[in-house]
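Worksheet: the structure to be examined is printed underneath.
The values are calculated or read from the model by the stated rules, or taken from the named source; none is laboratory data. Keep in mind that what you see is a predicted model, and the values were worked out from it rather than measured. Don't worry about glycine lacking a Cβ; one is built from the backbone with ideal geometry, like all the others, and counts go over all protein chains shown.
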C-alpha cells in the first residue's frame, strides 16, 4: 500500500479534523472529520478564515510570543530573522505547540457549547508558510474533568465545614470537661476534709464515752475501747475504698482533659505514690489498668 493511500485512510478514520491553513489564515483544505466537529462539509469551510470558524482565536493575536521557525527547508538555517506569516494567532499557536503543547479552548458550534483541542504546526511549502491545524473535539473529556474538579471542590468544602463543626464541638466538650474537672476537685477536697473530721471523731469516741459515763469499771472501759477500735478499723477500710473511688473519678477527668490539653509534666500528674497510704500498690495498678492509664 502506497503512502498516499495510507494518508487517505488516516483522513477518514482519524478522530481529529486536519486543516491546511495559508499564512493569512485562510483554510485551503479540510478532512471529513469537520462534518462531525463543526457540522459543515469540507467545501463549506475551505476558503473561510480559521477565526471565522473558531472566533475565539482572534483574541490570541494580542498575546506575546516568540515566533518559531517553520519546519522544512535547510536554507532557513542561515537566515538571521525568523520567517513569519501575516496571521498572528496562528504564529502564537505554533509557538505554543513547540513550547507547551496543544491549546484548549471553549467555543459555540451551532449554539452548542463545545471544547476543542488544537495542535498547530508551522510549515514551509514551496517557499510559503502554511499551517497544519489538527482539531479534536474534547467536550466529553472536558466535561468529565470539570465534574471531577467540582466534586473535589465540593468535597474539600464539605471536609472544611465538617472540620470547623468538629472543632467547635471539641471546644465545647473541652470547656465542659475542664469545668467538671475543676468542680470535681472542689467537691473532692470538701469531701476529703469531712471524712478526715469524721475519722477524728471516731478515734476519740471511746475516750468521750469513758469520760462522760460514770461508774464504768476498767473492764467496761477496755471493752468500749476495743469495740471502738474495731469499728474504727472498719471505718478505715471504708475510707480506703472511698479514696480509691475518688481517685478513679479524678483519673477519669484527667484522662479526658488530656484529650484536649497538652500533656502535663510528670510532677503534675497523679501518680501511684500519691495514694499509696490509702491502698496497696497492686490495687492502684489494677485501677490504673482498668482506666487504660
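A residue that is surrounded by fewer than 18 Cβ atoms within 10 Å (Cβ to Cβ), within 14 Å of residue 133 (Cα to Cα) and at pLDDT below 95 occurs somewhere in the stretch 81-99. Quick check: anything in the stretch 257-272 surrounded by fewer than 12 Cβ atoms within 10 Å (Cβ to Cβ), at pLDDT below 80 and not in a loop (DSSP other than H, G, I, E, B)? No, the stretch 257-272 contains no residue that is surrounded by fewer than 12 Cβ atoms within 10 Å (Cβ to Cβ), at pLDDT below 80 and not in a loop (DSSP other than H, G, I, E, B).
Within the stretch 165-205, the residues that satisfy the criterion of being over 22 Å from residue 241 (Cβ atoms) and touching a residue at least 40 places away in the same chain (Cβ under 8 Å) are 170, 173, 174, 177, 178, 180, 181. Using the structure shown, decide if residue 145 is farther than 30 Å from residue 50 by Cα, part of a helix (DSSP H, G or I) and without any contact (Cβ under 8 Å) to a residue 60 or more places away in the chain. Here the answer is no, as residue 145 does not meet what is asked. Considering the stretch 16-67, the qualifying helices (runs of 4 or more DSSP H), each wholly inside and each with 3 or more residues that are within 17 Å of residue 115 (Cα to Cα) and under 49 Å from the mean Cα position of the chain (by Cα), run over 34-38, 50-53.
Can you spot a residue in the stretch 117-133 that is part of a helix (DSSP H, G or I) and surrounded by 18 or more Cβ atoms within 10 Å (Cβ to Cβ)? Taking every residue of the stretch 117-133 in turn, none turns out to be part of a helix (DSSP H, G or I) and surrounded by 18 or more Cβ atoms within 10 Å (Cβ to Cβ). Considering (1) exposed (fewer than 11 other Cβ atoms within 10 Å of the Cβ); (2) at pLDDT 80 or above, the lone condition that residue 197 does not fulfil carries the number (2). Scanning the stretch 9-38 for residues that are farther than 18 Å from residue 121 by Cβ and surrounded by fewer than 12 Cβ atoms within 10 Å (Cβ to Cβ), we see that the one that is modelled with the highest pLDDT is 36. Of all residues in the stretch 39-58, those that are assigned by TED's automatic domain parsing to the domain that holds residue 29 have Cβ atoms under 7 Å from Cβ atoms of residues that are in a loop (DSSP other than H, G, I, E, B) and modelled with pLDDT of 95 or more, 6 or more apart or on another chain, in 49/25; 50/25; 51/25.
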